[in-house]
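> What follows is a structure written as structure tokens; I'll ask about it next.
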Amino acid sequence: MQTDSTGTTGEAKRDLRTMTRGELRDLMAELGQPAFRVKQVEEWVWDKNVSSFDQMTNLSKALRAQLAERVTLGGVEEVAKQVSTDGSRKYLLRFPDGVAVECVGMPTKNRLAVCASTQAGCAMGCAFCATGAAGITRSLSSAEIYEQVMHVRDDFATRVTSVVFMGQGEPFMNYDATLGALRRLNSPDGAGIGARHLTVSTCGVIPMIKRFANEPEQFTLAVSLHSAVQKTRDSLMPGVKKYSLLNLYDMMGEYVNKTGRRPTYEYALIQGVNDTDNELQYLCDFCRGTLAHVNIIQLNDVPGSKFKPSTPQRAQDFVQRLASVGVEATIRNSRGADIDAACGQLRQRYAK
Ligand code: SAH
Ligand code: SF4
């Protein structure tokens, strides 16, 4: 027994967005509706992203009322939005239970990239990450992950061309929901985004990288490396201590063999911590001869953090040295620096 929003006890209503096609079919059959209604409802939910049954104008008023009586329709509420001078928009979105997450829309000519969250908070505790410092509230459902992308699409009123799961949370600690969201984003009945344009970023949960390598779709994988020195990585990323760099190296080799796809290593340069000559040497050794691409990231300032970003010159040094051993590396320019685009920062500001 649960308490519903009216304060009475009773069976909590199921959310339509959490229902499988089979369950929706059963519901429609129960309501005496023909099978084609399933497709109509799905279109309203997954393609048109409506927030109420009343917007489903090709259904009769009676059916809309019946649906509203039986099920809820999820929906996110925009708590805050910040617009950057570079055009990116960052949102704080709240789900019906009050839990809020961040997502970002980054437009470039003819393209719209979305960065979405997979969990509210994160349990991995990375030392440089605002989300890590706050701990985990809960994992998101696949519908909640998907809804963030649709919210951004609707706000920009344009097609989303790529999605990265680099907001809050560790996608591979919420594997099934993450994969469900990826499939819905990929599906022609959903957002219709090509699998290669859908990227999962993980701090390196090895058993799940293995699972991911065996999925049939060509999704893209990014691994947050941040140091190829075990001791440094352990102190920066305590949540993945138990998966050693050696195991990660082997797993990534297996990933490349299995998928033939090029993975990315994320490396945020932190002054005096992972940007020394010794660290650079280890990074070169870790990447040399692999298919991996290295993304050198400018560390976002987290208020109260002891970590400081390296100089732009140091980032150039890293790219050049990596190139000299045949490893492709690029500097990812930080977007929305003026709008707290670092993961976790908007939520921190609004959290009570
Ligand atoms: N949990 C996943 C995905 C979310 S974090 C992961 O860790 O990969 C997305 C990216 O932001 C990761 O590469 C993470 O290491 C990076 N990140 C976290 N805090 C950062 C900061 N303060 N500055 C720059 N990048 C940061
Ligand atoms: Fe979690 Fe990723 Fe932040 Fe680490 S960097 S605490 S894994 S969100």
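The values are calculated or read from the model by the stated rules, or taken from the named source; none is laboratory data. Here the structure is a predicted model, which means the values were calculated and not measured. When we count neighbours, we look across all protein chains shown, and the Cβ atoms used for this are built from the backbone with ideal geometry, even at glycine. Calculation scope for accessible area: heavy atoms of the full protein, side chains included, ligands and nucleic acids excluded. Shrake-Rupley method; radii C 1.70, N 1.55, O 1.52, S 1.80 Å.
> Once both labels are modelled 7 Å past Cα along the beta-carbon direction, what's the residue 80-residue 23 spacing in nm?
Those two pseudo-labels are separated by 3.3 nm.
> Sticking with this structure for a sec: Using +1 on the beta carbon of Lys and Arg, -1 on that of Asp and Glu, and nothing else charged, what's the dipole of the chain about the Cα centre, debye to 20?
Here the chain has a charge dipole of around 300 debye.
> Report the extension gain between residue 258 and residue 51 in nm, rounded to one decimal, defined as 0.36 nm multiplied by the number of residues separating them, less their alpha carbon distance.
Numbers: separation 207, 0.36 × 207 = 74.52 nm, distance 4.10 nm.
Stretched fully, the residue 258-residue 51 segment lengthens by 70.4 nm.
> What accessible area per residue comes out for the range 192-330, rounded to a whole number of Å², with a 1.4 Å probe? Numbers along the way, then the final one.
Numbers: 6230 Å² over 139 residues.
Roughly 45 Å² per residue, with all protein chains present.
> Please list, ordered by chain and number, the residues whose modelled amide H lies under 5 Å from the amide H of residue 222; skip anything fewer than 5 residues away on the same chain.
200, 201, 202, 264
> Can you tell me what share of the DSSP beta bridges in the chain is antiparallel? A percent to the nearest 5 is fine. Before the final figure, lay out the partial values.
Values: 23 of 48 bridges.
Expressed as a percentage, antiparallel bridges in the chain total about 50.
> Accessible area of the range 231-281 with a 1.4 Å probe: how many percent of it is carbon plus sulfur? Kindly include the intermediate steps, with their values, before the conclusion.
Numbers: 1150 of 2430 Å².
Solvent-exposed carbon and sulfur of the range 231-281 make up 47 percent of the total.
> Over all alpha-carbon pairs of the range 2-72, lay out the pair-distance distribution in 10 Å bins, whole %, shortest bin first.
19, 55, 23, 3
> Pairs on different chains or at least eight residues apart, Cα atoms closer than 14 Å: how many lysine pairs in the range 77-351 fit? Walk me through the numbers on the way to the answer.
On the way: 81/90; 210/258; 231/241; 231/242.
Qualifying lysine pairs in the range 77-351: 4.
> Using a 7 Å offset from the Cα along the Cα-to-Cβ direction at both residue 196 and residue 154, what is the distance between the two label points in nm, to one decimal?
3.2 nm
> Sticking with this one: Straight-line reach only, C-alpha to C-alpha below 18 angstrom: list the lysines that residue 48 could link to, leaving out same-chain residues fewer than 8 apart.
Counting by Cα, and skipping residues close in sequence, residue 48 has these lysines nearby: 39.
> Testing the spin-label approximation: label points 7 Å from Cα along Cα→Cβ at residue 123 and residue 242. State their distance in nm.
Taking the two extended label points, one gets 1.0 nm.
> Rank-order 236-246, 126-136 by packing density, defined as the average count of other C-beta atoms within 10 Å over each peptide's residues, highest first. All intermediate terms of the calculation are to be shown ahead of the outcome.
Working: 236-246: 16.5, 126-136: 20.3.
Final packing ranking: 126-136, 236-246.
> What value, in deg cm²/dmol to 500, does the helix sum -39500 (n - 2.57) over DSSP H runs of n ≥ 4 give at 222 nm once divided by the residues of the chain?
Numbers: 12 runs with 119 residues, N = 352.
Roughly -10000 deg cm²/dmol at 222 nm, from the helical runs in the chain.
> Multiply the residue separation of residue 14 and residue 161 by 0.36 nm, subtract the distance between their alpha-carbon atoms, and state the gained length in nm to one decimal.
49.8 nm
> Let me ask something additional. State log₁₀ I(q)/I(0) for the chain at q = 0.15 Å⁻¹ as given by the Debye formula over alpha-carbon point scatterers of equal weight, solvent excluded.
Each listed q maps to, in turn, -1.31.
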